[in-house]
1. Could you give the alpha-carbon Rg of the chain over 2.2 N^0.38 Å, rounded to two decimals?
2. Let me see the pair-distance distribution of the stretch 159-239: every alpha carbon pair, 10 Å bin width, integer percents in order.
3. Apply the Karplus parameterisation 6.51 cos²θ - 1.76 cosθ + 1.60, with θ equal to phi minus 60°, to every residue of the stretch 26-33 and state each ³J(HN,Hα) to the nearest whole Hz, in sequence, with x for glycine and proline.
4. Which Rg and Dmax, in Å, describe the Cα atoms of the stretch 242-297?
5. Of the candidates PHE125, PHE20, PHE156, which one comes out as most mobile in a Gaussian network treatment of the chain with C-alpha springs shorter than 10 Å?
6. Rg and Dmax of the stretch 197-299 over Cα atoms: what are they, in angstrom?
7. For ASN135, what residues show an amide H to amide H distance below 5 Å, using hydrogens built from the backbone and excluding near sequence neighbours?
8. In a shell of Cβ-Cβ distance under 12 Å around GLU145, excluding GLU145 itself, what net charge do Lys and Arg (+1) and Asp and Glu (-1) give?
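FYI, it's all coordinate maths here, none of it is from the lab. Please read all numbers here as calculations on a predicted model, not as lab measurements. Here the Cβ is made from the backbone with ideal geometry for all residues, glycine too, and neighbour counts use every protein chain on show.
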Amino acid sequence: MKILNFGSMNIDYVYRVEHFVRPGETLGAISMEKQCGGKGLNQSTAAARAGAEVYHAGMAGVGSEMLVSMLKDNGVDVSCVCGCAQPAGHAVIQVNPRGQNSILVYSGSNHAFGREYIEKTLAKFAQGDIVLLQNEINNVPYIMEKAAEKKLRVIFNPSPAGEEILGYPLESVGLFILNETEAKMLTDENEPERAAKVLRRRCPGAAVLLTLGEKGGIYSDSEREETFDAFSVAAVDTTGAGDTFTGYFIAGIAQGLDTGENLRRAAAASALAVSKKGAAASIPVLAQTLAFLARESRK
Ligand code: RIB
């Protein structure tokens, strides 16, 4: 089973700061690093590092050479990536001493996905393949509709979640991977289990994987409900941890992993990502994740 990810690619400018900049304040950064990121790129990288066959469909804007190289170096197929005259997308990321982040995104070429390109790309994939989407590119509703018409399995991570997602053809989605804030935006429900139920009622046939940070999360579909725990690690940088979880979980689906084992593996990979600096750079390879799990099970 192939994974096609229509996803963003960003140059991340990561600033370590004592605290997030306040309105009207000028603050000196402790350090600055230029790294590869973007929710799309991070998720493609995570799925590939977990051992899946991944195709990234993205708009390579001006200055994005390092992003395409990063994907290639990790074994992601970049034959669907398209050159674009607009500047590459970028993110300005502040990371505080607790490892929390604050992210400002400039879309750039990530908002240059045209309908013709989308159709041509989808034509290379067949029934049963997975189409992964986040909410950092344009034309997401069009991709959802066309992918569902072709009977591809649409997996949607509605991040970052803006009001516009309420108007998306969500009935095309086969699996939602989302956090509490995104679930609240989609369902207006504060209570996570209730939010998952409401979403599944609204999109019959869809599975819902709700991540709850340090509390783990809940997976539910028409046949089962499973909760999972998060692993406790010292947080260095939480950037990209959610993307790591998503990429790993989708790789596990493509590889036919049992759901419980898949959730545990994705949670382990995400814990490892939190304990390292950077977004894509912090994503572990499968061997590191399995070694971590083996250590945890001996505890
Ligand atoms: O999820 C983390 C990502 O969000 C960063 O890499 C940044 O580029 C933004 O897209």
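1. 0.94
2. 18, 50, 25, 7
3. Here the 3J(HN,Hα) series is 10, 10, x, 7, 6, 7, 9, 9 Hz.
4. 10.5, 31
5. Answer for the Gaussian network model of the chain: PHE20.
6. 13.8, 42
7. Answer set, sorted by chain and number: SER159.
8. Its environment carries a net charge of 0.
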